[in-house]
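Q: Handing you this structure, nothing more for now.
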Amino acid sequence: MSAIRGARERARTEVTAAIKEEARRQLADRGAGELSLRAVARELGMVSSALYRYFPSRDDLLTALIIDAYDALGADAEAALAATEGSDPVSRWTAVCRAVRAWALGHPHEYALIYGSPVPGYAAPQDTTGPAARVGLALIAVARDAHAAGTLRETSEEPPAAVLADARSLGERLDVRLPPPVLGKLVAAWAQLFGLVNFEVFGQFQRVVEAREEFFTRAVADLARGIGLTAPGPGPSRP
């Protein structure tokens, strides 16, 4: 019985993967708003009633694709964070941001699904929250490690009281031990990061920015310094 059950589980995994792959192809061709379970089933040679056993509705399939996209993007961000352990904070921050950009440019339709226009009639369930937070948590980790090492430069400037309250609330929910003003700046920098990526993915830099990789790298390094992250300065010049 266990062998039969294992074979069924493998078959279900393979069919689920095929459904998602066809759905991603349709996202690229038609956009998320036009995604149809019947069309996916037709392309796979399945009857629609069989597909419903895997995904009961279009929204269930969309949710699975959204979670996969957030997880893939988050995994690349976390890999960049791990690969730069021991480097200076600005370099680590920049590496995470560059990983986000690289994934977005390599997967523009999946990126559009999670950071583009909302899909009409779709409301993301709570299941998407954890995967969606992975990039933000990787960025927070850079600041947290810098703060723990005593290399985070804090300013005396206080944000408005309402902004400070939001930052305190966020820190409590995430169990992040960072000064609330720093956490508030992190949220702003996180939003600006995706603004930069969106402009490039969706073509807003056409005839404005040609050296896009260099522009992006400089821009996200400036964001890092705005938070208070530091990088070693040039060494003393030799005579």
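Q: Take the chain, connect every pair of alpha-carbon atoms lying under 10 Å apart with a spring to form a Gaussian network, then pick out the residue of V176, V90, V208 with the largest mean-square fluctuation.
A: Highest fluctuation of the listed residues: V208.
Q: With Rg/Rh (Cα atoms, Kirkwood Rh) defined as stated, name the option among [x] 0.93; [y] 1.06; [z] 1.01 computed from the structure displayed.
A: The calculated read-out lines up with [y].
Q: Related question: Could you look at segment 1-145 and say what percent of its accessible area is carbon and sulfur, using a 1.4 Å probe and all protein chains? Before the final figure, lay out the partial values.
A: Details: 3790 of 7310 Å².
Heavy-atom surface of segment 1-145 belonging to carbon and sulfur, 1.4 Å probe: 52 percent.
Q: Another one. For a Förster distance of 45 Å, can you work out the FRET efficiency between the beta-carbons of Y52 and E210, rounded to the nearest 0.05? Before the final figure, lay out the partial values.
A: Numbers: r = 48 Å, r/R0 = 1.07.
That pair, Y52 with E210, gives E of 0.40.
Q: Ignoring everything except DSSP H segments at least 4 long, calculate the 222 nm mean residue ellipticity for the chain; use -39,500 (n - 2.57) per segment, divide by total residues, nearest 500. Intermediate results must be reported in sequence, preceding the final value.
A: Details: 11 runs with 165 residues, N = 239.
For the chain, the value works out to -22500 deg cm²/dmol.
Q: Something else about it: Counting Lys and Arg as +1 and Asp and Glu as -1, each charge on the Cβ, what is the dipole of the chain about the Cα centre in debye, to the nearest 20?
A: Values: 27 positive and 29 negative charges, 69 e Å.
Magnitude of the dipole: close to 320 debye.
Q: Most mobile of E158, E22, E200 per a Gaussian network model of the chain (Cα springs, under 10 Å)?
A: The residue with the greatest mean-square fluctuation here is E158.
Q: Could you work out how far helix 58-83 tilts from the main Cα principal axis of the chain, as a 0 to 90 degree angle to the nearest 10?
A: Long axis of 58-83 versus the principal axis of the chain: about 40 degrees.
Q: Separate question: What is the chain's relative contact order, in percent, from Cα pairs under 8 angstrom and six or more apart in sequence? Numbers along the way, then the final one.
A: Working: 200 pairs, mean separation 51.6, N = 239.
Across the chain, relative contact order equals 22 percent.
Q: Something else now. Find the relative contact order for segment 1-74 and round it to a whole percent, using C-alpha pairs within less than 8 Å whose residues are 6+ positions apart. If you can, show how the numbers build up before the last one.
A: On the way: 31 pairs, mean separation 18.0, N = 74.
It rounds to 24 percent for segment 1-74.
Q: Continuing with the same structure: Per residue, how many Å² of accessible area does segment 24-160 show with a 1.4 Å probe?
A: Values: 6730 Å² over 137 residues.
Roughly 49 Å² per residue, with all protein chains present.
Q: Considering only C-alpha atoms, what is the centroid distance from segment 37-78 to segment 145-191, in Å?
A: Taking the Cα centre of segment 145-191 as reference, the centre of segment 37-78 is 37 Å away.
Q: Rounded to the nearest 20 debye, what is the charge dipole size of segment 128-208 about its Cα centre when +1 sits on each Lys and Arg Cβ and -1 on each Asp and Glu Cβ?
A: Numbers: 8 positive and 8 negative charges, 36 e Å.
Roughly 180 debye for segment 128-208.
Q: What is the local net charge at A167, summed over the other residues whose Cβ is closer than 15 Å to its Cβ (Lys, Arg +1; Asp, Glu -1)? Don't skip to the answer; put the middle values down first.
A: Numbers: positive: R144, R168, R173, R177, K185; negative: E154, E157, E158, D166, E172, D175.
So the environment of A167 carries a net charge of -1.
Q: Right, something else. Give me the base-10 log of I(q)/I(0) for segment 168-239 at each q in 0.15, 0.16, 0.26 Å⁻¹, Debye formula, one uniform scatterer per Cα, rounded to two decimals.
A: Debye intensities relative to I(0), on a log10 scale: -0.68, -0.73, -1.13.
Q: Over 16 Å, how big is the tail of the calculated P(r) for segment 1-85, in percent of all Cα pairs? Could the numbers behind the result be given before it?
A: Working: 2118 of 3570 pairs.
Counting pairs separated by more than 16 Å, the tail of P(r) holds 59 percent.
Q: Starting at the first residue of segment 201-216, write each ³J(HN,Hα) from the Karplus equation 6.51 cos²θ - 1.76 cosθ + 1.60 with θ = phi - 60°, in whole Hz, x for Gly and Pro.
A: After applying 6.51 cos²θ - 1.76 cosθ + 1.60, I find 4, 9, x, 7, 8, 4, 6, 10, 10, 9, 7, 6, 5, 5, 4, 4 Hz.
Q: Calculate the dipole size of segment 29-95 relative to its Cα centre from +1 charges on Lys and Arg beta carbons and -1 charges on Asp and Glu beta carbons; express the result in debye to the nearest 20.
A: With only Lys, Arg, Asp and Glu charged at Cβ, the dipole is about 440 debye.
The values are calculated or read from the model by the stated rules, or taken from the named source; none is laboratory data. Here the structure is a predicted model, which means the values were calculated and not measured. When we count neighbours, we look across all protein chains shown, and the Cβ atoms used for this are built from the backbone with ideal geometry, even at glycine. We work out accessible area using only protein heavy atoms, side chains counted, and drop any ligands, DNA or RNA first. Shrake-Rupley method; radii C 1.70, N 1.55, O 1.52, S 1.80 Å.
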